[in-house]
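Engineer: The following block contains the structure, expressed as structure tokens.
No value in this document is a laboratory result; all are computed from the given coordinates. All values reported here derive from a predicted model rather than from experimental measurement. Heads up, the Cβs are rebuilt from the backbone with ideal geometry, glycines too, and the neighbour counts pull from every protein chain shown.
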Amino acid sequence: MATPTPPVDPPVEPPADPIAVLPAEAVKDLLADPVAAPDLPGPGLETPPVGAVPMPARPAPSLTDPGGASAPQRTVRALSAISTVGPISGIFFVALFLTSFLTMNTPEPDEGNRAWTSYWEDSGNRTAGMTASVAMLLAAVAFLWLVAALRRRLTPAIGTDAFYASGIAAGGLMFVAGFGAGLIPFGNELGDVPIPDDADVIRMLDGLYHGTIFLPLPYALAGFLIPLFFALRGSFLVPRWLEYATLLVGVVCLTGPLLFVVPHALFMLWTLAVSVTLLLRERDVPPPTISL
């Protein structure tokens, strides 16, 4: 039996040079045409020099990335004082408000005219009036710090804008009360303004202090506490019992002057409870880290 032989491939001829098969005139024109042969150097054509390759430009900073794509990252710790200033302000608010309220001990509205005029003629009473005025003004500032701290912690919650606006209104009413308490004593001590002889004028100025505290202030506090209750729901910022205490005190404040000092006393107790709770919880939670 014959051994099969492998097939032999026919020889492959190399492709002809396209330039070689062209006429001499066509080859000459082809080399001289820069469009037809841009990479072939020839007469009148020079190879451009090779320069340094430029480095890619750094991306410009943007709002989302202020330092650019290659900006270094660093980590800083949030200041603990920022988180504790609100609760501390709440404690100072209670102390200053009580100091002002207990110091401003003017006569009863139904007392005679002589009792009202002689009250402000006493230098000790004028000093007490100035103390009450300054204490109420500082209490308003401390209360606004507490409101701002609560808003900072409850920004995405429902009702934040409502309780913040009412808190600003309550702080403004405290400013009005502090201003009214200091009109007569500060005017007499610093501006040499004589004590009014008309007792009705003195009663009206006293009403700017006590009238503001007992009439509009409880309603402003109710507008602050009731929306705050809904903002605290689900935030786990305070215990559950303190959430419902917020609603309870807010409802009591809706009674206005009918319960005399009961709304104010409950609000002072609520403020102390919230401030102490926030201080204790802030002590147990380490400050967060912020990546810049």
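Engineer: Considering the options Ala199, Phe97, Asn113, tell which one lies farthest towards the positive end of the dipole of region 77-284, charges being +1 on Lys and Arg and -1 on Asp and Glu at the Cβ, about the Cα centre.
Structural biologist: The one lying farthest along the dipole's positive direction is Phe97.
Engineer: Suppose we take every Cα in region 77-284 and form the convex hull; what volume per residue is that in Å³?
Structural biologist: 116 Å³
Engineer: At a 10 angstrom cut-off on C-beta neighbours, averaged per residue, how do the peptides 138-144, 232-238 rank from highest to lowest?
Structural biologist: Ranked from most to least packed, the peptides come out as 138-144, 232-238.
Engineer: Right, another one. Take region 135-193, drop everything but the C-alpha atoms, weight them equally and run the Debye formula without solvent; then report log10 I(q)/I(0) at 0.15, 0.26, 0.30 Å⁻¹ to two decimals.
Structural biologist: Debye curve over Cα of region 135-193, log10 I(q)/I(0) at q = 0.15, 0.26, 0.30 Å⁻¹: -0.53, -0.96, -1.09.
Engineer: Which of rounded, prolate or oblate describes region 113-226 when judged by the alpha-carbon gyration tensor and an a/c cut-off of 1.5?
Structural biologist: prolate
Engineer: Taking the mean number of other Cβ atoms within 10 Å as a proxy for protection, how do you rank 256-262, 219-225, 91-97 from highest to lowest?
Structural biologist: So the peptides 256-262, 219-225, 91-97, ranked by packing, come out 219-225, 91-97, 256-262.
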